[in-house]
Structure formats: structure tokens, C-alpha cells
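Chemist: I am attaching a structure below and will ask some questions about it afterwards.
The values are calculated or read from the model by the stated rules, or taken from the named source; none is laboratory data. Treat the numbers as computed from the prediction; the structure is a model and nothing was measured. Note that we place each Cβ from the backbone using ideal geometry, even for glycine, and neighbour counts take in every protein chain shown.
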Ligand code: SF4
């Protein structure tokens, strides 16, 4: 029996190449590789992104194609193969079963398109969808004629039982988490979570060539599954937190090293660097010459042993999640378990590893003042700002509240780039302005890092003028005239971008200094 596991393309505003590796599908493929002929196809890769039509007309002015060091996105694109290419791939592989990953609700259309193509090629091809979206909305997904099965929750065991039972012609009723249509009714099972937490990935099933990172190759790894918390905005299914055996994690990392990957990104939802298991793993990694990242963020917890281990293990940078500096907002979003962030951040800074702190713009309970306070706090710390615009994530407590108050929600807007305001304090332009101001702060930090001493505002502008005259005009306009401009390459003229005056003046009224990202030098703003 031939099984094809597919990671669909996505369409969105993006600036960087998609690098993520289909780790979820690899868990499934590794589980079934001894009972069928299984292959993973990552359709998110193509030579060049393809232009696509944005469903968000209202954002055309905000995401314009002009040059600015703070610009957000330029075009809405398709990242991955075209439908024609997908048709050719599926026809050529001609599988009996096609498993489609649908992680994010907002990209469901791209995922269900694969099932439609499969059924157009051969009606008897069995289509199975899994991932966050089908887990949350199994009935909606099964209403599509082209989808035969949905797996809710962790898919390894259900998918294996599905393949085995189909091969043997046995009933599928007993398969946990498996939802299907039966004589006009839809059979929905509860979300399945594996009691065991085994890590035995067949890493050799994924070739490294598509996962370039700098001059080398990057792969994700996990040390655990699930998360013990339930943040108000988080749409991850509430599955129990479980850790893999440390020896299994080491074996997995060893496989990656042997395959030529030199960077590992830990993708855990909850990576606690102070846990004994992680410390043991970090000690083991320290002589392996691996570069480490944890782009999803690490739990803001640190102790003196961790400071040394993190330094020695090869972390390239540390990503921490703050959400908002206000304790009230932390409480409202169920984040108060991460209190004491300030002291913890200072300890992380002591590791000497570059730090990026993630925060959210436009949460339901946030005000403009909350956002500005968080930005100022981070501007004055030796860290990079990692802003992201809030979006209503299906499955989150916030989503449930929204539906109970408003009835329905256009799921296409369940993405950060849609800039959908969650309360009356914000507009799309204001949210975009905060994003640009955060980038401005990071830009100034990079200039500070390239100089040997503290800077005055005049020094800063001189430095930029010497390096890049276009950037100089754009920064001067922002700092002196409090206007956000960009440069039109065709007309070779500057133009004023849509921006929120209150957001800009709010920042400059409060901003006293910005500290470098990698140096302790500062640039004074008053
Ligand atoms: S945001 Fe992170 S810490 Fe909070 S529930 Fe989601 S995965 Fe857990």
C-alpha cells in the first residue's frame, strides 16, 4: 500500500522563504514506515514564490511595494507549488492513501485543494486530513466531498491503525481520534493524545537540501509534546505535557548531525531550560558543534547552571515570550505564571547570547499605552524586539469568548498579517505603525551595535547618512517630522505611508534612550 503525506503550500504576506520542515508528518511517516510504502512531500517549496491575489483589499496601501528599512510586506504570494505541479506530483506518485497536514485554519483552503486534486485524479484515492484545523473543526472538514477521514489530535497511532485496518478490510470504528462519514452521518471522535511519548524518527526520510539556513541546514527537534499552560490567546489544543526520554532526544539529534544538519531549532511549546532532562541534553550537545535556536521561544526560567550550559551548548540566540509588560495584561491572558520577567530577562542577558523578546500588539484587553510601555521597556534593554500582531486563534479561550459574544468570525482573518483589530483602541494602520516603530527601534539598535560609544541623536543620523542616504531620509522624517515615509523606486520619490500619528508621537514622547542589541551602548533621544 502506498501512502503519500503532504505538507500543502500556503498563501500569505511573507518576506522570508519558508524553511519549516514537516516534523509532524515525519512523526506519522516514522510510525507507519514498516507497514506501508510511505513518502513525505513538502509542497511549500518552489523556486520562486508565485504571485497570488490577496483576499485583504483593505491592506493594499499598508503593504505597498516601496522601499523602507521598516517596511512590512510587499506582496501576497503563494509559497509552494502551483496546483498544476501538485496534480503532476500526485499523478506520478499515485498513492492509495493521501494524508494532508492542515495546521492553521487560515490556510485550510490551500490544504483542502490537495484533497480535491487527489479525488479529481482518482476518486478511489483515500484522503485523510489531520492537524490543528481538522482537530478543531472535524465536521466542517468532513462536509467536503473530497475528504474521507479526519484525525483529531496526535495522529501517529490513529493513522497507523487506519492504514492497517484498511489493508485488512477491518472496521474503522475502534480507531481513536478517527472521524468519518457513515451513511450520511458524520462520526466524530474525541481528540486523541498518545499516552506514551516515544521519539523514534526516521530522519533519513527527509532530505536536507530544502532546509537551508545560512551556509548550512536547519531541522526542528522536540524534547516534549504539549504544554502545561492555557494562555488566553493560544489556539494549540490543550494536550497534556509529556517529555521524551533524554537518551531518545540525543539519538534523534545524532541522526540529524549524521545527515549533515548543523542547526537545530527546538520547536517545543514549552521548553524549560532549567529542567534536569534539558540540562543533561545541553551538556551532551556542548561538544557536538551544533548551532541551536528555539524560535518558538523558551520558558522564561533560568538558573546559574543554565546560564553556563546555554552558552556552551551553541545557542545562537534566545527567544523569550513576554506578551506584554503589564501585570494586568499578563493576568488577563493567563500568563501570570511567567511573572518576574524583568529579573529573568537580566539573567538571560548575562549569558551573552543575543536575545529576542516576543510581544503581542493588539490583544483584546490591551491599550495603546500598554503597547508603548512594552516597546519602551524593550528599547531600553539589550534585546531585539519581536512584535507580532494579535489574531484570533481558533481553539483559543479568546476565540470561544469572541464566538459567544459575536456569533461568527471569518476564519480567513485568523492570521497576524490580516491586522484585524481586537478592540476599539486599534485600527489596522495603528497596528502596522507599531510594527514599523518596533522595526525602527531594532534598526537603531543595529546602528548602535556598529559603533564604539554612546550616540546622541545627531550622531545617530550622521552614522545612518554615511551608510545609506535613503535610510537617512526615512529615519530623519520619522524622528524629526514624526512621519512614516517610504521610497518609490520607479518615480524615485519619497511618499508618506499610511501611519498613525498618535502611535508615532506616543513613542517619541516617552522614548529616552535605546540600548544596543549586542552592546551596552545607548542612543539618547532626549
Ligand atoms: S502560548 Fe505557549 S505557553 Fe501559552 S499555552 Fe500556548 S504553547 Fe503554552
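Chemist: When you go through (1) without any contact (Cβ under 8 Å) to a residue 60 or more places away in the chain; (2) under 19 Å from residue 378 (Cα atoms); (3) crowded, with 21+ Cβ neighbours inside 10 Å one by one for residue 434, which number turns out not to apply?
Modeler: (1) is the only condition that residue 434 fails.
Chemist: Let me ask something else about it. What about residue 386, is it surrounded by 15 or more Cβ atoms within 10 Å (Cβ to Cβ) and at pLDDT below 95?
Modeler: no
Chemist: With respect to residue 84, determine if the residue is in the same structural domain as residue 32 (by TED's automatic domain parsing) and either within 22 Å of residue 141 (Cα to Cα) or surrounded by 19 or more Cβ atoms within 10 Å (Cβ to Cβ) (or both).
Modeler: no
Chemist: Looking at 108, 70, which is the one that is crowded, with 21+ Cβ neighbours inside 10 Å and in a helix (DSSP H, G or I)?
Modeler: After ruling out the rest, the residue left standing is 108.
Chemist: If you check 291, 311, 317, which single one turns out to be over 21 Å from the mean Cα position of the chain (by Cα) and surrounded by 15 or more Cβ atoms within 10 Å (Cβ to Cβ)?
Modeler: Criteria check complete, one pass: 311.
Chemist: Here's a follow-up. Output the residues belonging to segment 74-88 that are outside any loop (DSSP other than H, G, I, E, B) and more than 15 Å from residue 110 (Cβ to Cβ).
Modeler: Passing the criteria: only 88.
Chemist: Turning to a different aspect of this structure: Select, from 382, 430, the only residue that is part of a helix (DSSP H, G or I) and under 27 Å from residue 327 (Cβ atoms).
Modeler: Testing whether each residue is part of a helix (DSSP H, G or I) and under 27 Å from residue 327 (Cβ atoms) leaves just 430.
Chemist: While we're on this one: Regarding segment 330-340, can at least one residue be identified that is within 14 Å of the ligand (Cβ to nearest atom), assigned to a helix (DSSP H, G or I) and either within 22 Å of the chain's Cα centre (by Cα) or farther than 21 Å from residue 231 by Cβ (or both)?
Modeler: yes
Chemist: Tell me the residue from 208, 160 that is under 27 Å from the mean Cα position of the chain (by Cα) and either farther than 30 Å from residue 255 by Cβ or surrounded by 14 or more Cβ atoms within 10 Å (Cβ to Cβ) (or both), please.
Modeler: None of the other options fit; the residue is 208.
Chemist: Something else now. Given the conditions (1) within 15 Å of the ligand (Cβ to nearest atom); (2) within 27 Å of residue 20 (Cβ to Cβ); (3) outside any strand (DSSP E or B), and given that residue 360 satisfies all but one, which numbered condition is not satisfied?
Modeler: (3)
Chemist: Name the single residue that is surrounded by the most Cβ atoms within 10 Å (Cβ to Cβ) among those in segment 166-190 being more than 29 Å from the chain's Cα centre (by Cα) and assigned to a strand (DSSP E or B).
Modeler: This residue is 180.
Chemist: Under 6 Å by Cβ, and 6 or more places apart or on different chains, what pairs join a residue from segment 293-310 that is in a loop (DSSP other than H, G, I, E, B) with one that is at pLDDT 90 or above and more than 16 Å from the ligand (Cβ to nearest atom)?
Modeler: 302/347; 302/348
Chemist: Looking at segment 499-522, can you tell me whether even one residue there is without any contact (Cβ under 8 Å) to a residue 24 or more places away in the chain and either at positive phi or crowded, with 16+ Cβ neighbours inside 10 Å (or both)?
Modeler: The answer is no, given that none of the residues of segment 499-522 is without any contact (Cβ under 8 Å) to a residue 24 or more places away in the chain and either at positive phi or crowded, with 16+ Cβ neighbours inside 10 Å (or both).
Chemist: Scan segment 271-289 and tell me whether some residue there is free of Cβ contacts under 8 Å to residues at least 60 places away in the same chain, within 16 Å of the ligand (Cβ to nearest atom) and assigned to a strand (DSSP E or B).
Modeler: For segment 271-289, residues free of Cβ contacts under 8 Å to residues at least 60 places away in the same chain, within 16 Å of the ligand (Cβ to nearest atom) and assigned to a strand (DSSP E or B): absent.
Chemist: Please count how many residues of segment 226-270 are part of a loop (DSSP other than H, G, I, E, B), more than 16 Å from the ligand (Cβ to nearest atom) and either in contact with a strand residue (DSSP E or B) (Cβ under 7 Å, 6 or more places away or on another chain) or touching a residue at least 60 places away in the same chain (Cβ under 8 Å) (or both).
Modeler: 4
Chemist: One residue is enough: does segment 342-350 have a residue meeting the conditions in a helix (DSSP H, G or I), within 16 Å of the ligand (Cβ to nearest atom) and more than 30 Å from residue 428 (Cα to Cα)?
Modeler: Scanning segment 342-350 turns up at least one residue that is in a helix (DSSP H, G or I), within 16 Å of the ligand (Cβ to nearest atom) and more than 30 Å from residue 428 (Cα to Cα).
Chemist: Restricting attention to segment 89-104, which residues are part of a helix (DSSP H, G or I) and closer than 21 Å to residue 27 by Cβ?
Modeler: Within segment 89-104, 93 is the sole residue that qualifies.
Chemist: Okay, moving on. Looking at 53, 18 in this structure, which one is at pLDDT below 95 and loosely packed, with under 15 Cβ neighbours inside 10 Å?
Modeler: Sole residue among the options that is at pLDDT below 95 and loosely packed, with under 15 Cβ neighbours inside 10 Å: 53.
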